[in-house]
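Quick notes on the structure that follows.
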Amino acid sequence: MIIYSTDVYKIYFSKTRNYFKEVLSSYGNDNYRSAVVMLYSVVICDLLFKLEELHDMYNDDAAKAILNKIKASNLYKNKDPKWETELIKEIKNKTVLIGNEEEALLNSLKDYRNLSAHPSLDGEFELIMPTKETTIALIKGVFEKILI
């Protein structure tokens, strides 16, 4: 499956759609590091949007508990990435939003995000760049398994 700009409208939340357009733009301009970094941010935001909707519209107790736990930790405010890992774990264990396959995809995406966002250098002191194929596989996987 190739993701076209019209496919973006399959994404439920308008904020997620707008963020995802940036991912596609980065990919289309061969900026694979940027696409991977942004994709990770997009999926974390989308998961939070889903939890908020479950809480606000359906009074979902699990969603409320997860959001309260994340807010109470204050880790998201000081840019400590531990909350992201905790968020994914909590969502997998307490909701049906993600299962084992999606968790594995998110863990792989997080690893590539870390390699892409931090000064991970190879033996030649070059920044590591995910391949075009890896990048589109991550984009497609997240799009199909989580965003839509």
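The values are calculated or read from the model by the stated rules, or taken from the named source; none is laboratory data. Predicted model, so just to flag it, every value in this text is computed and none were measured. Positions of Cβ are backbone-derived with ideal geometry, glycine not excepted, and every protein chain shown enters the neighbour counts. Just the protein is used for accessible areas: all its heavy atoms, side chains included, with ligands, DNA and RNA removed. Shrake-Rupley method; radii C 1.70, N 1.55, O 1.52, S 1.80 Å.
So here's what we get for this one:
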{"quantity": "First in the range 82-100 and closer than 18 Å to N68 by Cβ, second anywhere and among the aromatic types (F, W, Y) and open to solvent by 50 Å² or more (accessible area, probe 1.4 Å), Cβ under 9 Å, 6 or more apart", "calculated": "W83/Y76; E84/Y76; L87/Y76"}
{"quantity": "Boolean, Y76 is hydroxyl-bearing (S, T, Y), modelled with pLDDT of 95 or more and open to solvent by 50 Å² or more (accessible area, probe 1.4 Å)", "calculated": "no"}
{"quantity": "Total residues in the range 100-148, condition closer than 25 Å to N18 by Cα and not in a helix (DSSP H, G or I)", "calculated": "5"}
{"quantity": "Residues satisfying the stated conditions in the range 105-136, i.e. free of Cβ contacts under 8 Å to residues at least 12 places away in the same chain, aliphatic (A, V, I, L, M) and open to solvent by less than 60 Å² (accessible area, probe 1.4 Å)", "calculated": "none"}
{"quantity": "Qualifying positions in the range 114-135 - at pLDDT 95 or above and within 14 Å of the chain's Cα centre (by Cα)", "calculated": "T135"}
{"quantity": "Filter result for F13 (touching an Asp or Glu at 6+ places or on another chain (Cβ under 8 Å), over 20 Å from N114 (Cβ atoms) and touching a residue at least 24 places away in the same chain (Cβ under 8 Å))", "calculated": "yes"}
{"quantity": "In the range 26-83, residue nearest to V142 (Cα to Cα) [restricted to those that are under 18 Å from the mean Cα position of the chain (by Cα) and among the acidic types (D, E)]", "calculated": "D46"}
{"quantity": "Qualifying residue in the range 137-147 (condition: of a type in the set (V, I, T) and either without any contact (Cβ under 8 Å) to a residue 40 or more places away in the chain or touching a Ser or Thr at 6+ places or on another chain (Cβ under 8 Å) (or both))", "calculated": "no"}
{"quantity": "Scope the range 29-51; condition free of Cβ contacts under 8 Å to residues at least 24 places away in the same chain and either within 18 Å of E102 (Cα to Cα) or exposed (fewer than 15 other Cβ atoms within 10 Å of the Cβ) (or both); matching residues", "calculated": "N29, M38, S41"}
